[in-house]
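The values are calculated or read from the model by the stated rules, or taken from the named source; none is laboratory data. Please read all numbers here as calculations on a predicted model, not as lab measurements. Every residue, glycine among them, receives a Cβ derived from its backbone with ideal geometry; neighbour counts consider all protein chains shown. Just the protein is used for accessible areas: all its heavy atoms, side chains included, with ligands, DNA and RNA removed. Shrake-Rupley method; radii C 1.70, N 1.55, O 1.52, S 1.80 Å.
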Amino acid sequence: MDFLTWARSPWGEDILAHISWDLLWASLFAGVAFLVAHASYMTLSRHRKRHAAETDAMEAARTDLPPRIKRHSLTARLFHWVMAAAMFVLLFTAFLPIAGVKFAWVTWHWMAGVVLTASILFHVIHATFFLDFWSIWVGPKDLPELKAEMLREVGHDVDAPKPGKYPLGNRLYHLAIVVAGLSVIASGALMMSRVRTPFFTRNPYLFSDTTWGVTYVAHGMAGVALVGLVIAHVYFAVRPEKWWITRSMVLGWITRRQYLEHHDPDRWAVGDPRRG
Ligand code: HEM
């Protein structure tokens, strides 16, 4: 399988054009293989939320908590769905033509690209100044939680912290999507100068052939990575044991019991407006 596609310059030199589209099928395959493997594994997994008796005791002790716990503000939910719509338009406009469905995709593609870029800029500002910025990041401090999660996975009762607002898997996923998302946005923003838009005069000669080649390869790599990442995300969102999280991205709240079953109240204190 080739990873890159080369073109010939008018002077007979080989120039980097873009990634090989075989990688699109590889990413689709990896995404589907992951969900089949995970679904099979989940039939064996002994992973449990907090035991019913322990949750009952916590519920009895925490009568101060409201029956509904706010998980995502309306602004955060609107951002999520605008970004998701832009992402789907980008994926389909980019890859349907490669899969053989021909249509005038470029205009739809760059317009969705502008929406995605604007929504991410908004999200960065919103999350930095109005949300609990650090709640989504992972680092070495999370190793005890990782160890505890692995032990719980094989059926042990572990007296270690449950996650704060975001489970470890969600935080790792967010990191991967940040890397792929920012790469596709940065390269896509440069590629805008090669196509006709109302913003500026088209200039395909802004960079050398090599720089363009690298930019297209970066865009393609990040794009195909997003195929696998989006498949995994949608798969988790539709799994029945995750519906409570998916529903909260629509309605904005989870129940008090779900909050106590799945989270460590010390690490995600409700009532703090920056943690909503
Ligand atoms: C999910 C995100 C995205 C995916 C999967 C994606 C994928 C792709 C792919 C596969 C191509 C064809 C590249 C080639 O021929 O080598 C492309 C072209 C393009 N993309 Fe994206 N892209 C995404 C996001 C963006 C964003 C955010 C922007 C703008 C900020 C953007 C702007 C462009 C432009 C202008 C082209 C056309 C370049 C040309 O025809 O010369 N893309 N994209």
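Only one of (1) touching a Pro at 6+ places or on another chain (Cβ under 9 Å); (2) more than 16 Å from the ligand (Cβ to nearest atom); (3) assigned to a helix (DSSP H, G or I) fails for Leu175. Which number is that?
Unmet condition: (1).
From the set of residues in segment 177-186 that are open to solvent by less than 40 Å² (accessible area, probe 1.4 Å) and not β-branched (Val, Ile, Thr), which is nearest to Ala225 (Cα to Cα)?
Ala180
Can you pull out the residues in segment 48-72 that are part of a helix (DSSP H, G or I) and more than 15 Å from Thr255 (Cβ to Cβ)?
Passing the criteria: Ala53, Glu54, Ala57, Ala60, Ala61.
Would you confirm whether any residue within segment 108-121 is exposed (fewer than 13 other Cβ atoms within 10 Å of the Cβ), within 30 Å of Met221 (Cβ to Cβ) and among the hydrophobic types (A, V, I, L, M, F, W, C)?
The answer is yes, given that some residue of segment 108-121 is exposed (fewer than 13 other Cβ atoms within 10 Å of the Cβ), within 30 Å of Met221 (Cβ to Cβ) and among the hydrophobic types (A, V, I, L, M, F, W, C).
Given the structure, is Val224 open to solvent by less than 50 Å² (accessible area, probe 1.4 Å) and under 30 Å from Trp25 (Cα atoms)?
Here the answer is yes, as Val224 does meet what is asked.
Give all pairs with beta carbons closer than 6 Å in which a residue from segment 94-118 that is in contact (Cβ under 8 Å) with a residue 60 or more places away in the chain meets a residue that is in a loop (DSSP other than H, G, I, E, B) and open to solvent by 60 Å² or more (accessible area, probe 1.4 Å); count only pairs at least 6 apart in sequence or on separate chains.
Listed by first residue and then by second, the contacts come to Ile98/Trp21.
Restricting attention to segment 162-169, does a residue exist that is within 30 Å of Pro140 (Cβ to Cβ), assigned to a loop (DSSP other than H, G, I, E, B) and free of Cβ contacts under 8 Å to residues at least 60 places away in the same chain?
Yes, segment 162-169 has at least one match.
If you check Ala37, Ala85, Ala17, Ala26, which single one turns out to be of a type outside the set (Val, Ile, Thr), loosely packed, with under 14 Cβ neighbours inside 10 Å and within 29 Å of the chain's Cα centre (by Cα)?
After applying the criteria, what remains is Ala37.
Under 6 Å by Cβ, and 6 or more places apart or on different chains, what pairs join a residue from segment 183-196 that is more than 6 Å from the ligand (Cβ to nearest atom) with one that is open to solvent by 30 Å² or more (accessible area, probe 1.4 Å)?
What qualifies is Ser183/Ala218; Ser187/Ala218; Ser187/His219; Ser193/Asn203; Ser193/Leu206; Arg196/Arg202.
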